[in-house]
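Student: Got a structure here, written out as structure tokens. Questions coming.
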Amino acid sequence: MDDIVRKAMAKWPEVPHCYGWLALDARGHWRMRDEAAQQHKQPGDRIAHVALMGFINRNYLHDAEGRWYFQNGPQRVYVNLEATPYIARTDPQHGFVLQTGTALEHIQAAWLTGQGQLILQAGEQVAQVDDRDTAHWLGQLQINGVSVDDDALLDWLAQPAQPAALILIYRDQKIVLGRLDAAALPAHFGFVRYPQPSV
């Protein structure tokens, strides 16, 4: 967290929280949602200002209830999540990298949803991989030591119980993929997609 933010929190501790105005989409873009976007359930305008994105990324946290927020000076701006609290992209040099710019060094677990979305977990960082990078990680999947093609992957996803392990090869790791329903992600990982004020 930035020093200026800590000082603002200490100076103005009673600033009310903000809900609905900021979102993270499934491709890792921060979006500002004005009143019209909120009323019409639109994603909002993509934030493109580099310094503002850096400020959000450095001050992105969560509370004890699993609600993610941007600490904007003394005010918490809670974030609507289209997918997961983090979105990962593939990078030729650093492997999977979060929208905050942090590289995922050691992935502890990974899952596929029924729609073929790859979910990664590294500590408390849970990230869906940007769908534009699907071709990259598909080439890293194996079953019984053999690369997986589209048909084999669809067969694996269609079976209620997988007879063979689906493995993601990531650097020096061999990660056995589980399967999760996309709707179950918030409950499984303990995050809130659409934060609301505590009762």
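The values are calculated or read from the model by the stated rules, or taken from the named source; none is laboratory data. Here the structure is a predicted model, which means the values were calculated and not measured. Cβ sites come from the backbone with ideal geometry, for glycine too, and all protein chains shown count toward neighbours. Accessible surface is based on the protein model in full, side chains and every heavy atom, while ligands, DNA and RNA are left aside. Shrake-Rupley method; radii C 1.70, N 1.55, O 1.52, S 1.80 Å.
Student: Determine whether residue 110 is assigned to a strand (DSSP E or B), within 23 Å of residue 54 (Cα to Cα) and in contact with a strand residue (DSSP E or B) (Cβ under 8 Å, 6 or more places away or on another chain).
Tutor: Working: assigned to a strand (DSSP E or B): yes; within 23 Å of residue 54 (Cα to Cα): no; in contact with a strand residue (DSSP E or B) (Cβ under 8 Å, 6 or more places away or on another chain): yes.
Spelling it out, it is not the case that residue 110 is assigned to a strand (DSSP E or B), within 23 Å of residue 54 (Cα to Cα) and in contact with a strand residue (DSSP E or B) (Cβ under 8 Å, 6 or more places away or on another chain).
Student: When you scan the range 146-164, how many residues do you find that are modelled with pLDDT under 90, open to solvent by 60 Å² or more (accessible area, probe 1.4 Å) and small (Gly, Ala, Ser)?
Tutor: Summing the residues that are modelled with pLDDT under 90, open to solvent by 60 Å² or more (accessible area, probe 1.4 Å) and small (Gly, Ala, Ser) in the range 146-164 gives 2.
Student: Within the range 126-137, which residues are open to solvent by less than 50 Å² (accessible area, probe 1.4 Å) and either of a type in the set (Lys, Arg) or in a strand (DSSP E or B) (or both)?
Tutor: First pass over the range 126-137, keeping only residues open to solvent by less than 50 Å² (accessible area, probe 1.4 Å): 126-130, 133-134, 137.
Once the filter is applied, which keeps residues that are open to solvent by less than 50 Å² (accessible area, probe 1.4 Å) and either of a type in the set (Lys, Arg) or in a strand (DSSP E or B) (or both), the range 126-137 yields 126, 127, 128, 129.
Student: Can residue 43 be described as at pLDDT below 95, touching a Lys or Arg at 6+ places or on another chain (Cβ under 6 Å), more than 22 Å from residue 123 (Cβ to Cβ) and in a loop (DSSP other than H, G, I, E, B)? Quick ask: steps written out before the conclusion?
Tutor: Values: at pLDDT below 95: yes; touching a Lys or Arg at 6+ places or on another chain (Cβ under 6 Å): yes; more than 22 Å from residue 123 (Cβ to Cβ): yes; in a loop (DSSP other than H, G, I, E, B): yes.
Taking the combined requirement at face value, the residue satisfies it.
Student: Could you identify the single residue in 88, 83 that is not in a strand (DSSP E or B) and not hydroxyl-bearing (Ser, Thr, Tyr)?
Tutor: The conditions single out 83.
Student: Next question, about the same structure. Could you tell me which residue of the range 58-76 is farthest from residue 192 (Cα to Cα), considering only residues that are open to solvent by less than 30 Å² (accessible area, probe 1.4 Å) and in contact (Cβ under 8 Å) with a residue 60 or more places away in the chain?
Tutor: 73
Student: On to the next question. Looking at the range 148-189 only, could you name the residues that are touching a residue at least 60 places away in the same chain (Cβ under 8 Å) and among the charged types (D, E, K, R)?
Tutor: 171, 179, 181
Student: Give the residues of the range 153-199 that are of a type in the set (Val, Ile, Thr) and outside any loop (DSSP other than H, G, I, E, B), sorted by residue number.
Tutor: Pass one, the range 153-199, residues of a type in the set (Val, Ile, Thr): 167, 169, 175-176, 192, 199.
Those that are of a type in the set (Val, Ile, Thr) and outside any loop (DSSP other than H, G, I, E, B): 167, 169, 175, 176.
Student: Name the single residue that is most open to solvent (accessible area, probe 1.4 Å) among those in the range 77-115 being among the acidic types (Asp, Glu) and at pLDDT below 95.
Tutor: Among those that are among the acidic types (Asp, Glu) and at pLDDT below 95, it is 105.
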